[in-house]
Amino acid sequence: MYADLVLMNGKIVTVDPEERIAEAVAVKFGRILEVGSDGDIKPLIGSGTVVVDLEGMTVLPGFIDTHGHLFSSGIGLGHIDCSEEAGVRSIRDIQERITERAKRTPKGGWIVGDKFDESKLAERRIPNRWDLDAAAPEHPVLLSMVGGHIYVANSRALEVKGITRETPDPLPGGRFERDPVTGELTGIIYERAVDLVRPEPSYEEVLEGIRRMSREYVSAGITCFYDSYITGREVRAYLELRGRGGAPPEGEVGYASRYPPRAGEDGDIGSPRPRG
């Protein structure tokens, strides 16, 4: 049997019990056929084998992300980047990005942004709902702070979701910040309270999120992951894309559900078995 692909003249980190560093590796049908010296692998080279001279470069096994949020992170790639690295230095910068996104978002469509850091903003404070209202009064807007534990919603977002000053803080965990004098919601949201405000992505958005992040994972050498906060709908999306050969473009995908759906929910798919 000849290999489809042979990598030679390199440092192949095997992570086997002996911690061997081999010279070459042969691959067949996307799986490792043999690892050893260049001499060991040469007999597996046929006329159709692709041979790559590594010129001393190192090959590592694929990485495993043992706790991730792949589909939601993939959806997040389409959000407004409000980080300092993206050039955001003030609340005004955030407002400008929201206003620009609003111009190409249908009226009433959600605008979502991520990764703002109040410690890096000129104002040294978390923006409030009135700041966001000034940027996009006719669109529901939701921003998340770096770390993902604090959020800000504008007035339209709170209205769409039916959140008022009388809405109790959800338990366990989470609260809506209120002005200490007037009791009015400031739009700042802590922890799990955001579950009452966060827009539900469509099935197509879930599919696209998986596609996007799968490409990112593969490009970084991550060949297995565990998505730790999914329901039956996301399981169906993973299985659909796997059937099409699209999750991810290369490599194996593992997935797990921390909160499997109850019987009868989301097609009664239940929690899938992790794959390596």
Members of segment 88-108 that are modelled with pLDDT of 95 or more, in contact with a Pro (Cβ under 9 Å, 6 or more places away or on another chain) and more than 9 Å from ALA135 (Cβ to Cβ) | ILE91
Looking at this structure, is LEU54 touching a strand residue (DSSP E or B) at 6+ places or on another chain (Cβ under 6 Å), closer than 30 Å to ALA22 by Cβ and modelled with pLDDT of 95 or more?
-> yes
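Quick check on my filter: what residues within segment 158-187 are in contact with a Lys or Arg (Cβ under 8 Å, 6 or more places away or on another chain) and in contact (Cβ under 8 Å) with a residue 24 or more places away in the chain?
LEU158, ASP169, PRO170, LEU185, THR186, GLY187
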Inside segment 1-26, the number of residues satisfying the requirement of being free of Cβ contacts under 8 Å to residues at least 12 places away in the same chain and assigned to a strand (DSSP E or B) is 1
Just checking, which of GLY246, GLY254, GLY209 is outside the structural domain of GLY173 (by TED's automatic domain parsing), out of contact with any Lys or Arg (no Cβ under 8 Å at 6 or more places or on another chain) and either closer than 29 Å to GLY108 by Cα or at pLDDT below 80 (or both)?
-> GLY209
Taking segment 79-102 and the residues there that are assigned to a loop (DSSP other than H, G, I, E, B) and either surrounded by 14 or more Cβ atoms within 10 Å (Cβ to Cβ) or among the polar types (S, T, N, Q) (or both), the one that is nearest to the chain's Cα centre (by Cα) would be HIS79
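Please state which one of GLU55, GLU34 is part of a strand (DSSP E or B) and either among the acidic types (Asp, Glu) or without any contact (Cβ under 8 Å) to a residue 12 or more places away in the chain (or both).
GLU34
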Do we find a residue being aromatic (Phe, Trp, Tyr), over 17 Å from THR231 (Cα atoms), surrounded by fewer than 20 Cβ atoms within 10 Å (Cβ to Cβ) and over 15 Å from the mean Cα position of the chain (by Cα) anywhere in segment 195-207?
-> no
Taking segment 188-210 and keeping only residues that are outside any helix (DSSP H, G or I) and in contact (Cβ under 8 Å) with a residue 12 or more places away in the chain, one is left with ILE188, ILE189, TYR190, VAL197, ARG198, PRO199, PRO201
Output for segment 192-234, where each listed residue is of a type in the set (Phe, Trp, Tyr) and more than 29 Å from GLY174 (Cβ to Cβ) | TYR217
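The values are calculated or read from the model by the stated rules, or taken from the named source; none is laboratory data. The shown structure was predicted, so the numbers you read here are calculated from the model rather than taken from an experiment. Cβ sites come from the backbone with ideal geometry, for glycine too, and all protein chains shown count toward neighbours.
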